[in-house]
């Protein structure tokens, strides 16, 4: 096990037994010992990394089971939150029209599917919020969808289950449509656009993108990033779109992307533009969620980013939500939360 921690122990102040009910206040995370979080990671396979940081410093860092700060990880659906950032940049640069634009504009070769209501009314915002109304290509449909010869048509031809813009059905095919729309709107693949306008400005290089059978970047899944690169992306959002004093995301875009517009049908969690939202132990948490333990948690208050990765090999695909909730509640928030003085 490799552990790196840059913090010192600070005892948390306890409220007197007779104190009135208190509100949350936070100990300065720079003075907190997060070693229990790292012990937790060591004791909970298939976790391979935990990184805890504020805007300026890495506060605790641990790697296990072959993990490392520069080991490339398949971050799975964290990729969707990267797409959301690219959409914000493209809107600001004038490379994309407003989000209420029907997606049929970008797929004339599939006009036979999109010329009639309700498919003709599916908008880019519907895709970003997983409310296209189309049956999902994730979960039980994922294998057949990626085995198909045309992923765009494979999503567009799925049965309509709901009116567009009404009900969320999480679907990787919907995010793949956004990737293709970005390519057609900007004239370059999203991987190139990201290198120029997103990853380059925050010092991230060498991110690998899979491609579909037509050669389009598969932005909704399977980006390859290191934990430290994931941390940079998280810090960009913690700082509301700035990095090292430079504006990278448009002003207000982070709040716009984070704002929940719907709730998942299978877990009840809030969903914005390819970002998840929950209150965990009463604390607002926005996060990029990848299958199997790949996460970027952003906690605006108390000002932290928590990155986790996990092994995706045999035995490494179990449910991680409860495990990571315990990490956040007991070993991150629990370490910095202290009762207010009466």
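The values are calculated or read from the model by the stated rules, or taken from the named source; none is laboratory data. The structure presented is a predicted model; accordingly, all values stated were derived computationally and were not measured. Here Cβ is always computed from backbone atoms with ideal geometry, including for glycine, and neighbour counts include all displayed protein chains.
Can you tell me which residue within the range 196-217, out of those that are touching a residue at least 12 places away in the same chain (Cβ under 8 Å) and either part of a helix (DSSP H, G or I) or outside the structural domain of residue 93 (by TED's automatic domain parsing) (or both), is farthest from residue 70 (Cα to Cα)? Per the criteria, the residue is 197. Of the residues 297, 233, the single one that is in contact with a strand residue (DSSP E or B) (Cβ under 8 Å, 6 or more places away or on another chain) and outside the structural domain of residue 33 (by TED's automatic domain parsing) is 233.
Considering only residues that are closer than 19 Å to residue 276 by Cα, touching a strand residue (DSSP E or B) at 6+ places or on another chain (Cβ under 8 Å) and surrounded by fewer than 17 Cβ atoms within 10 Å (Cβ to Cβ), which ones fall in the range 136-188? Passing the criteria: only 167.
The residues of the range 214-225 that are surrounded by 12 or more Cβ atoms within 10 Å (Cβ to Cβ) and over 16 Å from residue 175 (Cβ atoms), listed by number, are 224, 225. Screening residue 107 on (1) over 24 Å from the mean Cα position of the chain (by Cα); (2) farther than 19 Å from residue 190 by Cα; (3) touching a residue at least 24 places away in the same chain (Cβ under 8 Å) shows it passes everything except condition (2). Entry remark, the range 23-41: residues being under 19 Å from residue 68 (Cα atoms) and either in contact with a strand residue (DSSP E or B) (Cβ under 7 Å, 6 or more places away or on another chain) or outside any helix (DSSP H, G or I) (or both) number 5 in total. Restricting attention to the range 242-253, the residues that are touching a residue at least 60 places away in the same chain (Cβ under 8 Å) and either over 30 Å from residue 211 (Cβ atoms) or under 15 Å from the mean Cα position of the chain (by Cα) (or both) total 1.
Scanning the range 73-96 for residues that are outside any helix (DSSP H, G or I) and either in contact with a helix residue (DSSP H, G or I) (Cβ under 6 Å, 6 or more places away or on another chain) or free of Cβ contacts under 8 Å to residues at least 24 places away in the same chain (or both) gives 94, 95, 96. Of everything in the range 115-132 that is over 22 Å from the mean Cα position of the chain (by Cα) and buried (at least 20 other Cβ atoms within 10 Å of the Cβ), the residue that is farthest from residue 179 (Cα to Cα) is 119.
Within the range 286-298, the set of residues being without any contact (Cβ under 8 Å) to a residue 60 or more places away in the chain and surrounded by fewer than 23 Cβ atoms within 10 Å (Cβ to Cβ) is empty.
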